[in-house]
Amino acid sequence: MGLTLYQRDDCHLCDQALAALAAARAPAFASVFIDGDPELEARYGQRVPVLRADADARELDWPFDAAAVRRWLAG
């Protein structure tokens, strides 16, 4: 499953999301920083961090913890 984490530079919530993903032992994912991309900022600006499954476009919005990530990945 391809995963993408949408985030911002200098985002403490994004740091917490990275910790939750590590605790959940999530598979490898791409990190996309939305700063400076008008389309991504419009879509994700107030929602980051957001984890997206590339195959089916499911998204997991913040806030989430390791247990929520595991449930979402199984989902």
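In segment 51-62, what count of residues is obtained for those that are in a loop (DSSP other than H, G, I, E, B) and free of Cβ contacts under 8 Å to residues at least 24 places away in the same chain?
As a first pass, look at segment 51-62 and keep what is in a loop (DSSP other than H, G, I, E, B): 54-58, 62.
Then keep just the ones that are free of Cβ contacts under 8 Å to residues at least 24 places away in the same chain; that gives 56-58.
Number satisfying all stated conditions: 3.
What number of residues in segment 9-44 are under 18 Å from VAL69 (Cα atoms) and in a loop (DSSP other than H, G, I, E, B)?
Going through segment 9-44 one residue at a time, the tally reaches 6.
Within the group VAL69, VAL48, which residue is crowded, with 17+ Cβ neighbours inside 10 Å, out of contact with any Phe, Trp or Tyr (no Cβ under 7 Å at 6 or more places or on another chain) and touching a residue at least 40 places away in the same chain (Cβ under 8 Å)?
Details: VAL48 fails: out of contact with any Phe, Trp or Tyr (no Cβ under 7 Å at 6 or more places or on another chain).
Going through VAL69, VAL48 in turn, the sole match is VAL69.
Laboratory data are not the source of any read-out in this text; all were calculated from the coordinates shown. Note that the coordinates shown come from a computational prediction; the quantities given were computed from them, not determined experimentally. A quick note on method: Cβ atoms are made from the backbone with ideal geometry, for glycine too, and the neighbour counts reach across all protein chains shown.
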